[in-house]
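Structure, as structure tokens:
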Amino acid sequence: MEPVFRAGETYTIPRDISRGDALTYWTAPAHRVFAAEIADRVVGTYILRPNQQGGGDHVCNAAFLTAPEAQGQGVARAMLAHALDTARHDGYRAMQFNFVVASNARAVATWERAGFDIVGRLPDAFRHPRLGYVDALVMFRTL
């Protein structure tokens, strides 16, 4: 988690978040937490949760983190496949990503290959540490 949060390029988490606060956020009571391992080493994690409460709780939300050294090895694709299966099993009817940083081309391509559509664009909604203001995307897929 730390390298991804410190880079500040894909999440709206403060770059200087403490380890304790990051773990508290990721393991919040409403979150189901999963980990991906290669050779007994954690190389990724994701959370699954309802996107909204009440009348919107049939749509889930997920967030994914892949260790920098494991990127490009199919970890995110495997976690997404697991998340989609888990969401279906849990009775969700759709999955929505509320804030995908548009400059995160690898994630956008992965989600689109998995059947997600870009259903909204938030102009300049993310302040990227290197690129300045970039768009954020809302992506959606029926399960």
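Rule-based calculations on the coordinates, nothing more; no lab input. Just so we're clear, the structure is a prediction, and the values are computed from it rather than from any experiment. As a convention, Cβ positions derive from the backbone with ideal geometry for all residues, glycine included, and neighbour counts pool all protein chains shown.
Based on Cβ point charges of +1 for Lys and Arg and -1 for Asp and Glu, what charge dipole magnitude is obtained for the stretch 2-142 about its Cα centre, in debye rounded to the nearest 20?
Values: 15 positive and 14 negative charges, 26 e Å.
With Lys and Arg at +1 and Asp and Glu at -1, about 120 debye.
Can you give the longest run of the chain that contains no trypsin sites (Lys or Arg not before Pro) sitting in a DSSP loop with at most 14 other Cβ atoms inside 10 Å? Walk me through the numbers on the way to the answer.
Values: sites that count: 15, 93, 130.
That would be 16-92.
Per the Debye calculation on the chain with a single equal scatterer at every Cα and no solvent contribution, log₁₀ I(q)/I(0) for q = 0.18 Å⁻¹ amounts to -1.16. Along the stretch 128-143 the Karplus relation, 6.51 cos²θ - 1.76 cosθ + 1.60 evaluated at θ = phi - 60°, assigns HN-Hα couplings of 7, x, 10, 9, x, 6, 10, 6, 10, 10, 9, 10, 9, 8, 6, 9 Hz to successive residues, with x for each Gly and Pro.
Would you mind getting me the FRET efficiency between residue 125 and residue 7? Use the beta-carbon distance for r and R0 = 22 Å, nearest 0.05.
On the way: r = 18 Å, r/R0 = 0.82.
In this case the efficiency is close to 0.75.
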